[in-house]
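K.L.:
The structure under discussion is supplied below as structure tokens; questions concerning it will follow.
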Amino acid sequence: MATCDKCKGKKTVIFTPEETGLPIGAEGKCPECKGTGETGVAECQECNDSKVVTLSAEDSPLNVAMEINCPKCSALEVVGE
């Protein structure tokens with residue numbers, strides 16, 4: 001995979017006041033590489049990189065529509081067991 005041209009692999013970029021709609025600039029996740037620092041990274045097909053999916057009432061264990069963490073790309077990692 002190639003380094004992102006917009007952020008140069010730093011994963012974040014500085015947004016101008018015009019881009020943020022605020023009186024000051026701000027630093028945020030690179031919109032080109034979505035904060036990965038690389039191009040060619042496949043997006044999650046399940047949630048389109050939003051990190052959440054919506055369950056319908058029929059699919060929900062509580063019988064109500066609800067948003068949950070994406071099971072494909074936002075699963076919790078168990079560290080230090």
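The values are calculated or read from the model by the stated rules, or taken from the named source; none is laboratory data. These figures come from a predicted structure and were not determined experimentally. Note that each Cβ is placed from the backbone with ideal geometry, even for glycine, and that neighbours are counted across all protein chains shown.
K.L.:
Being assigned to a loop (DSSP other than H, G, I, E, B) and modelled with pLDDT of 80 or more is the filter; apply it to the range 47-62 and report the residue that is surrounded by the most Cβ atoms within 10 Å (Cβ to Cβ). Don't jump to the end; show me each part of the working.
P.N.:
Taking the range 47-62 and keeping what is assigned to a loop (DSSP other than H, G, I, E, B), we get 47-51, 56-62.
Now drop any that are not modelled with pLDDT of 80 or more, which leaves 47, 51, 56-58.
Numbers: Cys47: 19, Lys51: 14, Ser56: 10, Ala57: 10, Glu58: 7.
Among them, the one singled out is Cys47.
K.L.:
Here's a check for you: in the range 38-67, which residue that is in contact (Cβ under 8 Å) with a residue 24 or more places away in the chain and touching a strand residue (DSSP E or B) at 6+ places or on another chain (Cβ under 7 Å) is nearest to Thr3 (Cα to Cα)?
P.N.:
Filtering the range 38-67 down to residues in contact (Cβ under 8 Å) with a residue 24 or more places away in the chain leaves 38-41, 44-47, 49.
When the remaining residues are screened for being touching a strand residue (DSSP E or B) at 6+ places or on another chain (Cβ under 7 Å), the result is 38-40, 46-47.
Values: Glu38: 4, Thr39: 6, Gly40: 9, Glu46: 25, Cys47: 24 Å.
Among those residues, the one meeting the criterion is Glu38.
K.L.:
Go through (1) free of Cβ contacts under 8 Å to residues at least 12 places away in the same chain; (2) touching a helix residue (DSSP H, G or I) at 6+ places or on another chain (Cβ under 9 Å); (3) surrounded by 12 or more Cβ atoms within 10 Å (Cβ to Cβ) one by one and return the number of the condition Gly28 breaks.
P.N.:
Result: Gly28 passes all but (1).
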